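A short write-up of the structure that comes next.
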Amino acid sequence: MKWNPEDYAKNSDAQLKWARELRQNLNLQGNESILDVGCGDGKITADFAATLPRGRVIGVDSSPEMIAYATHIYGSKQYPNLSFACVDARSLDFDQEFNLCFSNATLHWVDNTKHFLTVRVERCGVVVG
């Protein structure tokens, strides 16, 4: 499926609102490492990066168009602790590199969700989303 990042960005404000509400309950210290699985346009990922000045945030998405958009809009000059990568969530290969793994509206695209969460995501650290 080919995504249109501009259309997505115009219609993703509700997701950002929900992510902010969730983040407020996490008691983050500002130095955490966070993985955003299925980061889409990068809006939520950048919002996490803005609140973690000493942390690290990586957004991954399987859509090259979304990653190109996110990288362009939320570049490293504005967010030096933020990076994006075009990665299919089913092939994540992180092992306790992150304090927290966030995902919004991604799991319905993954076959065998239980296996995905157990094998791919739980190894990242705490899972929220």
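The values are calculated or read from the model by the stated rules, or taken from the named source; none is laboratory data. Because the structure is predicted, anything quoted here is derived from the model rather than measured. Quick reminder, even Gly has a Cβ in these numbers, built from the backbone with ideal geometry, and neighbours come from all protein chains shown.
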I58: in contact with a Phe, Trp or Tyr (Cβ under 8 Å, 6 or more places away or on another chain), touching a residue at least 60 places away in the same chain (Cβ under 8 Å) and outside any helix (DSSP H, G or I), yes or no?
-> no
For the subset of segment 2-29 comprising residues that are assigned to a loop (DSSP other than H, G, I, E, B) and surrounded by 12 or more Cβ atoms within 10 Å (Cβ to Cβ), which member is modelled with the lowest pLDDT?
-> W3
Filter segment 41-55 for residues that are without any contact (Cβ under 8 Å) to a residue 60 or more places away in the chain and either of a type in the set (A, V, I, L, M, F, W, C) or part of a loop (DSSP other than H, G, I, E, B) (or both) and give the result.
-> D41, G42, A46, F48, A49, A50, T51, L52, P53, R54, G55
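Please verify whether A70 is of a type in the set (A, V, I, L, M), in contact with a Leu (Cβ under 6 Å, 6 or more places away or on another chain) and in a helix (DSSP H, G or I), treating the condition exactly as stated. Lay out the reasoning, then the answer.
Values: of a type in the set (A, V, I, L, M): yes; in contact with a Leu (Cβ under 6 Å, 6 or more places away or on another chain): no; in a helix (DSSP H, G or I): yes.
Against the criterion (of a type in the set (A, V, I, L, M), in contact with a Leu (Cβ under 6 Å, 6 or more places away or on another chain) and in a helix (DSSP H, G or I)), A70 does not qualify.
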Subset of segment 47-56, residues buried (at least 23 other Cβ atoms within 10 Å of the Cβ) and more than 14 Å from Q24 (Cβ to Cβ), comes to A49
Would you say Y79 is crowded, with 21+ Cβ neighbours inside 10 Å, over 15 Å from F102 (Cα atoms) and either touching a residue at least 24 places away in the same chain (Cβ under 8 Å) or in contact with a His (Cβ under 9 Å, 6 or more places away or on another chain) (or both)?
-> no
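Within segment 30-37, does at least one residue satisfy the condition of being in a loop (DSSP other than H, G, I, E, B), free of Cβ contacts under 8 Å to residues at least 12 places away in the same chain and out of contact with any Cys (no Cβ under 8 Å at 6 or more places or on another chain)?
Filtering segment 30-37 down to residues in a loop (DSSP other than H, G, I, E, B) leaves 30-32.
Now drop any that are not free of Cβ contacts under 8 Å to residues at least 12 places away in the same chain, which leaves none.
For segment 30-37, residues in a loop (DSSP other than H, G, I, E, B), free of Cβ contacts under 8 Å to residues at least 12 places away in the same chain and out of contact with any Cys (no Cβ under 8 Å at 6 or more places or on another chain): absent.
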How about segment 68-107: which of its residues are among the aliphatic types (A, V, I, L, M) and either at pLDDT 80 or above or touching an Asp or Glu at 6+ places or on another chain (Cβ under 6 Å) (or both)?
-> A68, A70, I73, L82, A85, V87, L100
Got a sec? Which of R54, R20 is among the basic types (K, R) and touching an Asp or Glu at 6+ places or on another chain (Cβ under 8 Å)?
-> R20
